[in-house]
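Read through the structure below, which is laid out as structure tokens, and then see the notes.
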Amino acid sequence: MASSVVPSSVSPIRTSKIAKPNATAKAAPSVFTLRVELTESVPPIWRQIEIDSRATLEVLHHVLQAAMGRTDSHLHEFEIAGKRYAKPEDDEYGDGPETLDEAQFTLKDLLKKGKTCSYIYDFGDGWRHRITLETIKPSSRSVCDVGNAWIEDGQQACPPEDCGGIWTYQDFLKDYAEEPDGKDALDFRDWAGMDFDPERFDRKAANAAIARMFWNHWIKIGGTDK
């Protein structure tokens, strides 16, 4: 019978020294820089947002609400490349184009650098926002990080909820510029809050609202299972 003993001149292979492929390795996520502008606003009302590319449209909706200073009191939808994305249960009409579930689609799957899409909030007032993907850059965070979003810059306050749409708001701005203590301007400010300042955008407060949503796990991006 042949011996199974390894000859002393032959060193056994130490498996611990053999390089093995990392089956769980994943590419680092990207960060999208989005410019969000309220259409027809003069002067422009805009925000520059940086967000993990793995975020879903549902997450982006909540980030936009905080960035613009909204209260999420109305229906909304995204329009991207001719398709509609929203919460399916909010599609109460049923006779229009198919509504795709915003929670099932990520930014990296839908947005292209330099291209634009729309976010519509409050179908009565019709607040339409133009979203442009300006840049794509590597994330400095670990792929195991849960992801993040924050506001880099922005200008002008967001119009108050239920104020009648962009043209009603533009009329207020005209009255406010020409006669800030006039009846029409004061009536609007009394309804919106006398501390309302159309030129004020509190970036720190908006970022704090976004951070609070992540901290309380109201929204989530990425994670080890993504």
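The values are calculated or read from the model by the stated rules, or taken from the named source; none is laboratory data. Quick caveat: nothing in here was measured; it's all calculated off a predicted structure. Please note: Cβ atoms are built from the backbone with ideal geometry, for glycine as well, and neighbour counts cover all protein chains shown.
Could you tell me whether any residue of region 8-17 is within 24 Å of the chain's Cα centre (by Cα) and either modelled with pLDDT under 95 or under 30 Å from Q156 (Cβ atoms) (or both)?
Initial filter on region 8-17 (within 24 Å of the chain's Cα centre (by Cα)): none.
The answer is no, given that none of the residues of region 8-17 is within 24 Å of the chain's Cα centre (by Cα) and either modelled with pLDDT under 95 or under 30 Å from Q156 (Cβ atoms) (or both).
Would you point out which residue out of D109, D153, D171 is outside the structural domain of R70 (by TED's automatic domain parsing) and either out of contact with any Lys or Arg (no Cβ under 6 Å at 6 or more places or on another chain) or among the polar types (S, T, N, Q) (or both)? Let's see the steps before the verdict.
Details: D109 fails: outside the structural domain of R70 (by TED's automatic domain parsing); D153 fails: outside the structural domain of R70 (by TED's automatic domain parsing).
Sole residue among the options that is outside the structural domain of R70 (by TED's automatic domain parsing) and either out of contact with any Lys or Arg (no Cβ under 6 Å at 6 or more places or on another chain) or among the polar types (S, T, N, Q) (or both): D171.
Is there a residue in region 185-196 that is surrounded by fewer than 16 Cβ atoms within 10 Å (Cβ to Cβ), outside any loop (DSSP other than H, G, I, E, B) and touching a residue at least 24 places away in the same chain (Cβ under 8 Å)? Walk me through how you get there before you give the answer.
Restricting attention to region 185-196, the residues satisfying the condition of being surrounded by fewer than 16 Cβ atoms within 10 Å (Cβ to Cβ) are 186-187, 190-191, 193-195.
Now drop any that are not outside any loop (DSSP other than H, G, I, E, B), which leaves 186-187, 190-191.
From what's left, touching a residue at least 24 places away in the same chain (Cβ under 8 Å): 191.
Looking for residues that are surrounded by fewer than 16 Cβ atoms within 10 Å (Cβ to Cβ), outside any loop (DSSP other than H, G, I, E, B) and touching a residue at least 24 places away in the same chain (Cβ under 8 Å), one finds at least one in region 185-196, hence yes.
Just to verify a result, which residue in region 38-79, among those that are among the acidic types (D, E), in contact (Cβ under 8 Å) with a residue 24 or more places away in the chain and outside any strand (DSSP E or B), is surrounded by the fewest Cβ atoms within 10 Å (Cβ to Cβ)?
First, the residues of region 38-79 that are among the acidic types (D, E): 40, 50, 52, 58, 72, 77, 79.
Filter again for in contact (Cβ under 8 Å) with a residue 24 or more places away in the chain, leaving 40, 50, 52, 58, 77, 79.
So of that shortlist, the ones also outside any strand (DSSP E or B) come out as 40, 58.
On the way: E40: 16, E58: 18.
The selected residue is E40.
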